[in-house]
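Enquirer: For reference, the structure I am asking about is given below.
The values are calculated or read from the model by the stated rules, or taken from the named source; none is laboratory data. Just so you know, these numbers come straight off a predicted model, no measurement behind them. Cβ placement follows ideal geometry from the backbone for every residue including glycine, while neighbour counts extend to all protein chains displayed.
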């Protein structure tokens, strides 16, 4: 029992040391500026630490299985890192017609189509996630604070931290594009890129399918 306790204490000390050397996570920024890369490195260190922990904690004869499980769990900790690009595609008047806006309706945001390209990729390859939505402010010259939240989902469960940004939008229709790299810890399978658009206490979500193929 004493040896087991000492072994677990040693694992805990190792994991703390691994986390201590991880770079500080960067933040995604708006206006097409490149996001920080610290989150990607942090996810990689999480995968390594998780794999080692899984190996050490696994029962005898099952250490390989334990290491694989630990690596997958560790890789799920982190965020998508990439670049944003915006394009206004409709005027206020056209957006009002498109969403059927009526006077007195307050601020509105209506999400449209969400797509990814390419929709079949391998780990480490680039993906372009684009969502279209319309914003209509109660007043013609007013701007609406819009928050976009993107996340990678696998089998109904989030496998990345949400990537969030907030921008001030004049009324109209927009294409919001986020380019990111498929995380190295992603296992082959069918994923979904979910995008939620929030404004004035209202939120709408769209998602698009992404297939990660074997290397």
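Enquirer: Please find, among 173, 201, 185, 189, the residue that is touching a helix residue (DSSP H, G or I) at 6+ places or on another chain (Cβ under 7 Å) and farther than 21 Å from residue 88 by Cβ.
Expert: Numbers: 173 fails: farther than 21 Å from residue 88 by Cβ; 201 fails: touching a helix residue (DSSP H, G or I) at 6+ places or on another chain (Cβ under 7 Å); 189 fails: touching a helix residue (DSSP H, G or I) at 6+ places or on another chain (Cβ under 7 Å).
Just a single option satisfies the conditions, and that option is 185.
Enquirer: Could we say that residue 165 is assigned to a strand (DSSP E or B) and either in contact with a helix residue (DSSP H, G or I) (Cβ under 6 Å, 6 or more places away or on another chain) or over 19 Å from residue 89 (Cα atoms) (or both) here? First the steps, then the outcome.
Expert: Values: assigned to a strand (DSSP E or B): yes; either in contact with a helix residue (DSSP H, G or I) (Cβ under 6 Å, 6 or more places away or on another chain) or over 19 Å from residue 89 (Cα atoms) (or both): yes.
The answer is yes for residue 165.
Enquirer: Pick out the one residue from 95, 129 that is surrounded by 14 or more Cβ atoms within 10 Å (Cβ to Cβ) and in a helix (DSSP H, G or I). So that I can check it myself, show each step before the final result.
Expert: Values: 129 fails: in a helix (DSSP H, G or I).
It is 95.
Enquirer: Further question on the same structure: Would the stretch 75-91 turn up any residue that is surrounded by 14 or more Cβ atoms within 10 Å (Cβ to Cβ), more than 26 Å from residue 196 (Cα to Cα) and either at pLDDT below 50 or not assigned by TED's automatic domain parsing to the domain that holds residue 145 (or both)?
Expert: no
Enquirer: Still on this structure, I have one more. Check the stretch 134-147 and report whether any residue there is out of contact with any helix residue (DSSP H, G or I) (no Cβ under 8 Å at 6 or more places or on another chain) and under 24 Å from residue 123 (Cβ atoms).
Expert: Among the residues of the stretch 134-147, not one is out of contact with any helix residue (DSSP H, G or I) (no Cβ under 8 Å at 6 or more places or on another chain) and under 24 Å from residue 123 (Cβ atoms), which makes the answer no.
Enquirer: Have a look at 135, 146 and point out the one that is in a strand (DSSP E or B), crowded, with 23+ Cβ neighbours inside 10 Å and in the same structural domain as residue 110 (by TED's automatic domain parsing). Walk me through it before giving the result.
Expert: Working: 146 fails: crowded, with 23+ Cβ neighbours inside 10 Å.
Step by step, each of 135, 146 is checked, and only 135 is in a strand (DSSP E or B), crowded, with 23+ Cβ neighbours inside 10 Å and in the same structural domain as residue 110 (by TED's automatic domain parsing).
Enquirer: Pairs, please: C-beta under 6 Å, at least 6 apart or cross-chain, first residue on the phi < 0 side of the Ramachandran plot and surrounded by fewer than 14 Cβ atoms within 10 Å (Cβ to Cβ) and in the stretch 184-212, second at pLDDT below 95 and in a loop (DSSP other than H, G, I, E, B)?
Expert: Short answer, once both residue conditions are applied: 184/123; 188/214.
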